Structures are given as structure tokens and as C-alpha cells.
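The values are calculated or read from the model by the stated rules, or taken from the named source; none is laboratory data. These numbers were taken from a predicted model, which means no experiment stands behind them. Backbone-built Cβ (ideal geometry, glycine too); neighbour counts: all protein chains shown.
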């Protein structure tokens, strides 16, 4: 009786899904599921993974992380990293259902794919990558050379594998298909050691992971366009002159409210592009999958599972050329009008100074860290808890233990990547007010730390006051 509900779900899943979809019954996880006295097992493996992600602390922190730049203090409707995650997951589920892929697997990947995103979005990612990529050595870096760099997808895997603390074991103990989707749904220039992570090497991401990757790209472009229009950062008349928008308006015909309010026209564009791109992904991908199955003469899910790694190359789920050109034009427009403006550069400089300033402070004086970070370093290395060491001996301990090797850097990167935008800014202000350690460029930080609105109406010149 205990397994009857889950087993019934798996039987229904097997009958409903296409032969190329991943079955939850075939998913393995690194450790057995914890026995916590449950009488009934009424969730599939992927449903359990989804629930674990939703209840994680890293997931809750996404609401205080910007999708790009910094969270505006004066706009309530702009997307943040949590709403981005929900939109990606919603689009991915729509595509997965139309293609008869495993929605539960797609949902788990979509909800977890950004758990490793640091504060300030791509700005924070670039700053942390500079630190652990060796590019800042001699100018605020740890001086340990290239430690492998920082990638959002790698950090997301670290979060679900080891950093989350909800069970007796480290991490969330997710199934391998979810873990692989989290890493491979984003472009990875330098692949990590797949085997040591328990992931398949030398093969493309499975179909469900590809769905999340396409949905992530669509959602990012469309909600950035929508946010820019809704906030007034972009002129609607200028957007309506884009070739892709003109094509969309011709398709919509009388359904586009040309004489309607600005708000109605913006919403009509967003709905139209979502429908256009999602439909394109479904139609083009469905045709490609049908040809793949026919060419390989595959007749069952069991037969496909034996050759999955050989025939799925990671490019099966994609947009058709016409839809891809539309998306590329929107992305290019946003790059020039939103992501490369003077205001964006100000946000980039501010977020970068916060990240690098925090790292410099913590690297110079670990006693500035919260207790739980020092305890994590003790657990990882077995050294004495720093606050148990007499004050007169701490400086030597810091030089000989903390600033030697890469383990302390790893703990710092984990801590910085987990911060929300608001916490990082607040902590940066606190350290500046303490003036506990010299932070490079501190004399220029007063303006940015006191006025962090990412899109100021009238940018003020930097303060000339020096901070002693």
C-alpha cells in the first residue's frame, strides 16, 4: 500500500509521455531517500525534487535578487530573480506538455536553475569570476591563480548538492536528471569534471533540460523588453518600429490595439511574442523529434533509453529560423538600449564595487564574517573555530590557515553568491561605516553606497568627500 500511489503515478506517466521523455522511475539519486516515518509515498521522484527546491532557503532568497543589475527601490513591478524563475518554469512546462515530455522534471530543473545566481545578476557573476579566475591577483584577488572561475550553473549544483542544510546529509539529494539539467541547461564554456559530480560526460543535455534552456532565453528577452517598456526606459514608438514588432503586428491584425492605451499595446506585444516564440519552439522541436525517432527506428521508451546518449546531442529543442531571428533582434535591441547604457554602466560599477569590496574585507579580516560562515570553514577543514582563538594569535592563524590554499576562498565565494542584493548592500555599508579594513577605491564608494537606485532619473556626480 505504501508505494501504490507513486507506482500508479509512474504507470500513468509511462502511458502519457512520449517515448523520448525521461521516466521518473528511471531516475537515480546519490543517496537513499530519508526515512522520516512516512506512511505513504505519493510523489514521483521528480515531484519530490521540485518540492525540495521550493522549500529551500536558496529559492526563497531569489525574491531579493535582481534579474539584472540591482533591484530598484522605487519600482514594484519589475521582475526579480524569483519571478524570472517562475516565468521560465511556466514557459518550459507549456513546451514540455505540448511535446509530451516530463513536466515534473522540467519544473524541477526550471525552479532550481538559478539557485546559484549571485547578487546583482550578471554583474555579480562577472565579479566573482574575476576573483576565482585569477584576473584580480595583485589587485584585490586572493593571489592563488586561476581557481576554475565562477559559473552560475556550477554554483546552482553546489547549492543543491552541498550548501543547502535541511537533512542529515549535505544538500537536497536531488535525482541525477535534475542535477544534470541544472548544470547543462546553461552554456558551460569550461565543463566541470562530470564523472566526479555523478553526471554523464560527452553527451548533450536531455530533452527536458533543453526545454528549460530555450524557455530561459525566451523569458529573459521578453520580460526585459516588457520591464523596459513598463518603466518608461524604452520608448514604445521606437519599439514598434522594429521589424520583428511590425511582423507581429501584421500577424495580430485587428487584435493589436493600435489606438488603445500604451499599457494595452505593451501587454499585447508581450502576449503576442510569447505565443509566437513558444509555438515556434513546439512546432520545430516536435518535427525534429519525430524525424529522430523515425530515422533511428525506435519504437519504445526502453529501446530509446539504451541509445539516448548516442542520438541526443543537445540541440533537439530549438526555435525555427524565423522565430530565432525575431528573438535575436529583440536581444540586440535590448543590448544597445538597456544593457549598454550609461545607467547600466553605473549599476555595473556599483554592484562590482560591493562584491569586490566585501571580498577584500572578508579576505583581510575573517572575523568580520557571520559565525555560520566561520563554522562552515571549520567543518570543511577541521581547523579551530576562529573566535575560540585568543585575539593576539588570530592574525597568525589568518595568515597561516585562512589565506593559504583555496578552501577559504571557496567558502567566501559560496557566502557572497548566496547573498541577496539588499543584504550585500547593507553589509557593504556596515563595513564602510566601520572602516575596519581598507577597501580599494573606498574614497569613491560613498556616493554609490548611499544612493543605490539602479536607474536614477538624474545621475548625480560622485561625491568628492573622502572617507578616513
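Key figures for this structure:
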item: Residue within segment 20-37 that is at pLDDT below 95, in contact with a strand residue (DSSP E or B) (Cβ under 7 Å, 6 or more places away or on another chain), in a helix (DSSP H, G or I) and crowded, with 21+ Cβ neighbours inside 10 Å present; result: no
item: Selection count, segment 368-386, where residues are without any contact (Cβ under 8 Å) to a residue 12 or more places away in the chain and assigned to a helix (DSSP H, G or I); result: 4
item: Residue match in segment 257-265 (condition: in the same structural domain as residue 210 (by TED's automatic domain parsing), in contact (Cβ under 8 Å) with a residue 60 or more places away in the chain and either within 23 Å of residue 218 (Cα to Cα) or out of contact with any strand residue (DSSP E or B) (no Cβ under 8 Å at 6 or more places or on another chain) (or both)); result: no
item: Residue identified as assigned to a loop (DSSP other than H, G, I, E, B) and surrounded by fewer than 20 Cβ atoms within 10 Å (Cβ to Cβ) among 147, 101; result: 147
item: Subset tally (residues that are free of Cβ contacts under 8 Å to residues at least 24 places away in the same chain and on the phi < 0 side of the Ramachandran plot) for segment 131-164; result: 6
item: Unique match (being surrounded by fewer than 17 Cβ atoms within 10 Å (Cβ to Cβ), under 27 Å from residue 147 (Cβ atoms) and either in the same structural domain as residue 154 (by TED's automatic domain parsing) or modelled with pLDDT of 90 or more (or both)) among 362, 408, 402, 423; result: 423
item: Of residues in segment 276-302 being in contact (Cβ under 8 Å) with a residue 24 or more places away in the chain and more than 20 Å from residue 210 (Cα to Cα), the one surrounded by the most Cβ atoms within 10 Å (Cβ to Cβ); result: 298
item: Residue in segment 252-266 that is surrounded by fewer than 17 Cβ atoms within 10 Å (Cβ to Cβ) and under 26 Å from residue 114 (Cα atoms) present; result: no
item: Criterion (crowded, with 16+ Cβ neighbours inside 10 Å, at pLDDT 95 or above and assigned to a helix (DSSP H, G or I)) met by exactly one of 327, 356; result: 327
item: Meets criteria (on the phi < 0 side of the Ramachandran plot and either surrounded by 15 or more Cβ atoms within 10 Å (Cβ to Cβ) or in the same structural domain as residue 56 (by TED's automatic domain parsing) (or both)) for residue 384; result: no
item: Residue 111 under 15 Å from the mean Cα position of the chain (by Cα) and free of Cβ contacts under 8 Å to residues at least 24 places away in the same chain; result: no
item: Segment 304-319 - residue that is in contact (Cβ under 8 Å) with a residue 60 or more places away in the chain and in a loop (DSSP other than H, G, I, E, B) and, of those, surrounded by the most Cβ atoms within 10 Å (Cβ to Cβ); result: 317
item: Filter pass, residue 322 being surrounded by fewer than 14 Cβ atoms within 10 Å (Cβ to Cβ) and assigned to a helix (DSSP H, G or I); result: yes
item: Breaking point among (1) surrounded by fewer than 23 Cβ atoms within 10 Å (Cβ to Cβ); (2) modelled with pLDDT under 95, for residue 93; result: (2)
